[in-house]
Amino acid sequence: MSYNVNEKGYYGDFGGAYIPEMLYPNVEELQKNYKSITASPDFKIEFDQLLKEYVGRPTPLYLAKRLSEKYNTKIYLKREDLCHTGAHKVNNTIGQILLAKRLGKNRIIAETGAGQHGVATATVCALMGIQCIVYMGAVDIKRQAPNVARMKMLGAEVRPAQSGSKTLKDATNEAIRDWINNPVDTHYIIGSVVGPHPYPDMVARFQSVISEEIQTQLLEKEGRKHPDHIVACVGGGSNAAGAYYHFLDQPNVNIIAVEAAGKGIDTGASAATSVLGREGIIHGSKTLLMQTPDGQITEPYSISAGLDYPGVGPMHAHLFRSGRAEFIAVTDDEAMTAGLEVSQLEGIIPAIETAHAFAILEQRKFKPEEVVVINLSGRGDKDLNTYIDYFKL
Ligand SMILES: *Cc1c(COP(=O)(O)O)cnc(C)c1O
């Protein structure tokens, strides 16, 4: 079985490009060109150089000694929190801005929830001197004020989405509407492995630098290129896709995906898409989706704005259905406790998204000789207020 995308843009039963006719030219242009452009030598040179000198790659693979001692196994952290702008998202926005330039686009649009992808997009637009418009739910604009300020400082325009629950899903709808109205000069930088083909594959490839580096770093530290377990949190699934990418076809690597259970899987306030979802179509791709019996999308909930999405990328839907990956759901409380623990055991304050990945250490036992790599997708500065309020520190 293959866990990568096929020529038609599917991962098993999931993926494809379910888009309004008005978007065909844009999406087809990408489908036709993304592989040849990103494989060209001049693209590779510029991409690698920016990742190295601007983003700060390779990010360290750090042996977390105190955490390893506590859980009696060997835990390495892949430090995506040390990327410029504080999370893995910039790996993808660098790739897409270079692609957009080569397609002759001079206007960039993006959607954002917590604001991390908006900041990463505004950053690369400033770097390249390209106009940037970020759609963000009106509710999220209020909740994530520091990131809104960062985007403005970087020269981006932040447009509020006023429909629906005024969060990420609605911002995405607005961005798609904009793209339909501006088909020639505009590139839409999607922030995760979601959306119509080729986005899930394109974003996964840009993020695959994460597992590429893990292989080299493990070889140096452990004398072998693969871990026994690779762990990542899944919102749309881009940091996870990057961490899994080079291990997908290696059966000796156990893949663990961590989703947000919110207040609990059975409470109606969660974002555990794989467990709760059924097949459906959202934002241009067929995937697992939280929905009512008659197919209305259910509002997701998680304390973490970055995991608060009702769908999951088609790669992850396939990893779930095929049984290739182990899916674990973690509640708000479990994630917050894990975030505090990592802060005080390792001196690293993780994003609340990432804290979900750490929370599995309490529920899933590993052997002392096993090598567990946890993808530390981002830093927790943006979440300090939520942590402080939660723990009444
Ligand atoms: C956006 C974000 C996520 C969730 O997005 P994925 O596409 O699932 O990776 C996770 N962690 C951090 C730090 C983020 O900023």
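The values are calculated or read from the model by the stated rules, or taken from the named source; none is laboratory data. For clarity, every value in this text was computed on a predicted model and none was experimentally measured. We place every Cβ from the backbone using ideal geometry, glycine too, and count neighbours over all the protein chains shown. Each accessible area value is taken on the protein alone, full model and side chains, heavy atoms only, with ligands, DNA and RNA left out. Shrake-Rupley method; radii C 1.70, N 1.55, O 1.52, S 1.80 Å.
A few notes on this one:
- When P300, P314, P310, P293 are checked against the criterion of being under 16 Å from the mean Cα position of the chain (by Cα) and at pLDDT below 95, a single residue qualifies: P310.
- Tally of residues being touching a His at 6+ places or on another chain (Cβ under 9 Å) and either without any contact (Cβ under 8 Å) to a residue 60 or more places away in the chain or open to solvent by 10 Å² or more (accessible area, probe 1.4 Å) (or both) across segment 240-263: 6
- Considering each residue of segment 334-356 in turn, at least one proves to be within 26 Å of P196 (Cα to Cα), open to solvent by 10 Å² or more (accessible area, probe 1.4 Å) and within 14 Å of the ligand (Cβ to nearest atom).
- Members of segment 211-248 that are within 25 Å of G277 (Cβ to Cβ) and not small (G, A, S): H229, I230, V231, C233, V234, N239, Y244, Y245, F247, L248
- Checked against the criteria, I360 counts as more than 14 Å from the ligand (Cβ to nearest atom) and touching a residue at least 24 places away in the same chain (Cβ under 8 Å).
- Residue tally, condition over 22 Å from K78 (Cβ atoms) and out of contact with any helix residue (DSSP H, G or I) (no Cβ under 7 Å at 6 or more places or on another chain), over segment 361-392: 5
- Within segment 60-116, the set of residues being in contact with a helix residue (DSSP H, G or I) (Cβ under 7 Å, 6 or more places away or on another chain) and of a type in the set (D, E) comprises E80, E111.
- Across segment 144-199, the qualifying residues are those that are at pLDDT 95 or above and at positive phi, and the one among them that is most open to solvent (accessible area, probe 1.4 Å) is G155.
- Here I108 meets each of (1) part of a loop (DSSP other than H, G, I, E, B); (2) within 25 Å of P198 (Cβ to Cβ); (3) within 22 Å of the chain's Cα centre (by Cα) with one exception, condition (1).
- Applying a threshold of 7 Å to beta carbon distances and a minimum spacing of six or more residues, or different chains, the list of pairs starting in segment 267-290 at a residue that is open to solvent by less than 10 Å² (accessible area, probe 1.4 Å) and ending at one that is basic (K, R) and part of a loop (DSSP other than H, G, I, E, B) reads S270/K263.
- Residue within segment 289-298 that is of a type outside the set (G, A, S), on the phi > 0 side of the Ramachandran plot and touching a Ser or Thr at 6+ places or on another chain (Cβ under 7 Å) present: no
- Taken as a whole, the structure leaves A261 outside the set of residues that are farther than 14 Å from P314 by Cα and within 14 Å of the ligand (Cβ to nearest atom).
Residues checked against (1) within 16 Å of the ligand (Cβ to nearest atom); (2) touching a His at 6+ places or on another chain (Cβ under 8 Å); (3) outside the structural domain of N375 (by TED's automatic domain parsing):
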{"site": "L67", "(1), (2), (3)": "no, no, no"}
{"site": "Y76", "(1), (2), (3)": "no, no, no"}
{"site": "D81", "(1), (2), (3)": "yes, no, no"}
{"site": "C125", "(1), (2), (3)": "no, no, yes"}
{"site": "I130", "(1), (2), (3)": "no, no, yes"}
{"site": "A145", "(1), (2), (3)": "no, no, yes"}
{"site": "S163", "(1), (2), (3)": "no, no, yes"}
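- Scan of segment 34-56 for residues that are part of a loop (DSSP other than H, G, I, E, B) and more than 16 Å from the ligand (Cβ to nearest atom), ordered by number: S40
- Only one of the numbered conditions (1) closer than 15 Å to I374 by Cβ; (2) surrounded by 20 or more Cβ atoms within 10 Å (Cβ to Cβ); (3) more than 12 Å from the ligand (Cβ to nearest atom) is not met by Q96, and that is (1).
- Test for V184: is it within 16 Å of the ligand (Cβ to nearest atom) and not small (G, A, S): no
- H226 meets all of the listed conditions (1) more than 16 Å from the ligand (Cβ to nearest atom); (2) assigned by TED's automatic domain parsing to the domain that holds A261; (3) out of contact with any helix residue (DSSP H, G or I) (no Cβ under 7 Å at 6 or more places or on another chain) but one, namely (3).
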